[in-house]
Amino acid sequence: MSSPRKWMRNLIWPLVSASMLTSCASLTQIEPVQYPPLDPSLTQPCPPLAPVADGKAATLARALIDDAQAYRACADRHRRLVEVAQFRRTLKEIEHAQ
């Protein structure tokens, strides 16, 4: 009696192991990543700075504030564009790794 049981045990474990290993393999094809279009505002160049009308301190102060606000808006767009580019690069790396 022990001989047939031993034979069954020796047969079942390799079959279970083989089925577990093959269940990890995937036969499905992975679809290529479809990237959404970029927000057109992210690719716009920064606006040119306006010339200062005169040399008065109040005019210069106003121009400085306006230029700082324009710079912040442009820097924010650039930061978002860099984030999108890095995200797409990460997706491509993942896609090529598979």
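Among what's in the range 57-98 and is among the β-branched types (Val, Ile, Thr) and under 23 Å from PRO40 (Cα atoms), pick the residue that is surrounded by the most Cβ atoms within 10 Å (Cβ to Cβ). Can you show your working first?
From the range 57-98, those among the β-branched types (Val, Ile, Thr) are 59, 65, 82, 84, 90, 94; that's our starting set.
Subset that is under 23 Å from PRO40 (Cα atoms): 82, 84, 90.
Numbers: VAL82: 11, VAL84: 15, THR90: 10.
If we take residues in the range 57-98 being among the β-branched types (Val, Ile, Thr) and under 23 Å from PRO40 (Cα atoms), then VAL84 is surrounded by the most Cβ atoms within 10 Å (Cβ to Cβ).
Among the criteria (1) modelled with pLDDT of 80 or more; (2) surrounded by 10 or more Cβ atoms within 10 Å (Cβ to Cβ), the one ALA18 does not fulfil is (1). The residue that is nearest to GLN86 (Cα to Cα), counting only those in the range 40-54 that are free of Cβ contacts under 8 Å to residues at least 24 places away in the same chain and in contact with a Leu (Cβ under 9 Å, 6 or more places away or on another chain), is VAL52. Against the test of being within 30 Å of ALA97 (Cβ to Cβ) and touching a Ser or Thr at 6+ places or on another chain (Cβ under 9 Å), the options LEU38, LEU81 yield a single qualifying residue, LEU81. Would you check if LEU11 is at pLDDT 75 or above, surrounded by 10 or more Cβ atoms within 10 Å (Cβ to Cβ) and of a type in the set (A, V, I, L, M)? For LEU11, the condition - at pLDDT 75 or above, surrounded by 10 or more Cβ atoms within 10 Å (Cβ to Cβ) and of a type in the set (A, V, I, L, M) - is not met.
Would you confirm whether or not the range 27-44 contains a residue that is at pLDDT 90 or above and open to solvent by 100 Å² or more (accessible area, probe 1.4 Å)? For the range 27-44, residues at pLDDT 90 or above and open to solvent by 100 Å² or more (accessible area, probe 1.4 Å): absent.
The values are calculated or read from the model by the stated rules, or taken from the named source; none is laboratory data. All values reported here derive from a predicted model rather than from experimental measurement. Using ideal geometry, Cβ is built from the backbone for each residue, glycine included, and neighbour counts are taken over all protein chains shown. Please note that ligands, DNA and RNA were not included when accessible areas were found on the heavy atoms of the full protein model with its side chains. Shrake-Rupley method; radii C 1.70, N 1.55, O 1.52, S 1.80 Å.
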